[in-house]
Amino acid sequence: TMRRLALNQICFIVFRLIGYRWPIEVEGHAPIPDWSMGEGIAPVTEGHPQPALFRRVSHYLGNAFESAAVSDFEKVVGAPLGRWLDQEFFGHHIRQFRSRPFAWHVQTQASGKGATPVFACLIYYQRVAGALPSLRTHYAGSLRTSFESELRTLESVTQLTAAQATRKEKLGFWVEELRQFQETLEGIEAQGFATPELR
């Protein structure tokens, strides 16, 4: 069906972005495309200097097909591409590969009722070991530093507007969320993914 073809095409682009190669390509030493993410990390959320997944996929679709490809996806699938990538891709990927995903969805633990994670990304599982330090320092770390700088600026303002006060509160949550995320990653770097359940 058209829906299945559209989803397969988007998944193919995402897999390429994180650096996945099919076994036959590995055997034939096929190069990874220039436009893939070399370290195997693709941010899903906005706010990081690296373009988010939706922007990267949209850019590729526009170059490879035509500018209407993004809106065509919504017509065929019934969901905007950005929302599908953010909320539905990983579940689809798990089903597609029978609970053996190679694109891992990693995100911060959002605090507060109805809150969404401040940072989320996809990681190619074969590059997890090398990607975790970069994820902790370059991605989560730089985002946290940016938020802390903005928070300090707002804390120095004596009379905050309602919008500034709301932003200040959110920044406090986000900084803590990223701090906990970095600590978790640091623990995984040191101990691996061993858990009592796995043992």
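The figures follow:
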item: Solvent-accessible heavy-atom area per residue, rounded to whole Å², over region 14-56 at 1.4 Å; result: 51
item: ³J(HN,Hα), Karplus 6.51/-1.76/1.60, whole Hz, each residue of region 31-42, x for Gly, Pro; result: x, 6, x, 4, 8, 7, 7, x, 8, x, 10, 10
item: Karplus (6.51, -1.76, 1.60) ³J(HN,Hα), θ = phi - 60°, over region 101-109, in Hz, Gly and Pro reported as x; result: x, 9, 9, 8, 8, 10, 8, 6, 8
item: Length added when fully stretched, I32-A163, from 0.36 nm per residue minus Cα-Cα; result: 42.7 nm
item: Sites matching trypsin sites (Lys or Arg not before Pro) across region 53-107 that sit in DSSP coil, with at most 12 neighbouring C-beta atoms within 10 Å; result: R98
item: In region 63-170, the GluC sites (Glu not before Pro) that fall in loop regions by DSSP, at most 12 other Cβ within 10 Å; result: E66
item: Within the accessible area of region 67-199 (1.4 Å probe), percent carbon and sulfur; result: 52
item: Relative contact order of region 55-124, defined on C-alpha pairs under 8 angstrom at six or more residues apart (%); result: 17
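The values are calculated or read from the model by the stated rules, or taken from the named source; none is laboratory data. Only a predicted model underlies this, so the values are computations on that prediction, with no experimental measurement involved. Neighbour counts run over all protein chains shown; Cβ positions are idealised from the backbone, glycine included. With ligands, DNA and RNA removed, areas are computed over all heavy atoms of the protein, side chains included. Shrake-Rupley method; radii C 1.70, N 1.55, O 1.52, S 1.80 Å.
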